[in-house]
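Working notes for the structure below.
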Amino acid sequence: MYGIHKSQMMLGNHTTPFEFIFLGLSNVPSAGLPLFVLFLLIYLMTLVGNLLILLMICTDSHLHTPMYMFLSNLAGLDIFYSTVTSPRMLSDFFSKTKTITLPVCITQFFFFFSFICIELYLLAAMSYDRYVAICHPLHYIQIMHPKFCAMMVSVAWAGGFLTSLIHTLCTLRLTFCGPNLIQGFFCDLPQLFALSCTNTFVNVLVMFLVGIFMGSGALGITFVPYIHIFRTIKKIKTWRGKLKAFSTCASHLTVVFVFYGTLIFTYLRPTPRNGFSEDRLVSVVYTVVTPILNPIIYSLRNKDLKEAFRRTARKIGFLRYNTS
């Protein structure tokens, strides 16, 4: 018996556990309440921070530019991204069984992986926006036309869901007839591969091919523009001019390194000796911590957002003064 409340369903000639069991973040019962409070605060801060960015961009006409249109999509995406895993994780702190059915598990993976891919494609679009702004400033308005920006955003969202759909459909061919314990607090592809009693060669091959064509494309579009950006900045004669040019893309570049860094460390690192503990720690970083870093990074390093926040605060104060 690999877990409690284990039901089974038939797929082909194999039996598969209808329910998986999350092992959670800690094996110590007394740590449940402190961890719940900590991650609840992080989740609420993620929601408030990203909603505040969305509110400022939508209501402040000074921020109705291509860069902030991309940023508003990124803020909304981070809300969806964290909501896929955090509410379920929080509820499991007070659950004795921590079970999840196979259809719900696959659905969670579909949306979770969709939002990862969408963020990759949005970051690529934002890199191109910064490239045009720094390397071709005189043609920025003509190139980054609202219709073109809307098209890039639409492609990012559609491409993310399509990429995830391909992996999800391949996952449906897997059968599960052995252990049903998932290390951590959400359904991810490597863990489903590890629990499957089906040969996963096809799944790994599809993941590799999709990664080559779509992942490397997003990676190239994200980083290649920065080669041209750095060359352009290098030609600027004054240090003040160099710093001013670099400051326009510093926040985006920081977010890119944080996001790619966590993904690479998660999926490409060697198998750790204390895999269970380290896997749980890494999963927390790229599912819970990363969504809250984006609003922090942009709010700390972005003068336009700071000014917009001050204007919004003054408007709220003015309205309160008038209503009183």
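The values are calculated or read from the model by the stated rules, or taken from the named source; none is laboratory data. Since this is a predicted model, take the numbers as computed values, not measurements. Every residue, glycine as well, gets a Cβ built from its backbone with ideal geometry; the counts of neighbours run over all protein chains shown.
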Any residue in the stretch 224-247 that's closer than 21 Å to LYS303 by Cα and without any contact (Cβ under 8 Å) to a residue 40 or more places away in the chain: show its pairings with residues that are in a helix (DSSP H, G or I) and of a type in the set (Val, Ile, Thr) at Cβ separation under 7 Å, as long as the two are six or more apart or on different chains. LYS242/ILE233; PHE246/ILE233
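Residue-by-condition table, conditions (1) under 19 Å from CYS105 (Cβ atoms); (2) of a type in the set (Gly, Ala, Ser):
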site: SER154; (1), (2): no, yes
site: PHE161; (1), (2): yes, no
site: ILE166; (1), (2): yes, no
site: PHE176; (1), (2): yes, no
site: LEU181; (1), (2): yes, no
site: PRO190; (1), (2): yes, no
site: ILE229; (1), (2): no, no
site: LEU243; (1), (2): no, no
site: HIS252; (1), (2): no, no
What are the residues in the stretch 129-151 that are surrounded by fewer than 19 Cβ atoms within 10 Å (Cβ to Cβ) and either more than 18 Å from HIS252 (Cβ to Cβ) or among the aromatic types (Phe, Trp, Tyr) (or both), if any? LEU138, HIS139, TYR140, ILE141, GLN142, HIS145, PRO146, LYS147, PHE148, ALA150, MET151
Test each condition in (1) surrounded by 14 or more Cβ atoms within 10 Å (Cβ to Cβ); (2) at pLDDT 95 or above; (3) within 21 Å of THR83 (Cβ to Cβ) for ALA158 and report the one that comes out false. (1)
Filtering the stretch 188-231 for residues that are part of a helix (DSSP H, G or I) and touching a His at 6+ places or on another chain (Cβ under 9 Å) leaves a count of 5
For the stretch 172-181, indicate whether the set of residues that are out of contact with any strand residue (DSSP E or B) (no Cβ under 8 Å at 6 or more places or on another chain) and either of a type in the set (Asp, Glu) or surrounded by 18 or more Cβ atoms within 10 Å (Cβ to Cβ) (or both) is non-empty. yes
Qualifying residue in the stretch 72-81 (condition: modelled with pLDDT under 85 and either under 30 Å from ALA158 (Cα atoms) or not in a helix (DSSP H, G or I) (or both)): no
Which numbered condition in (1) surrounded by fewer than 18 Cβ atoms within 10 Å (Cβ to Cβ); (2) under 19 Å from the mean Cα position of the chain (by Cα); (3) touching a residue at least 24 places away in the same chain (Cβ under 8 Å) is the only one that ILE116 fails? (1)
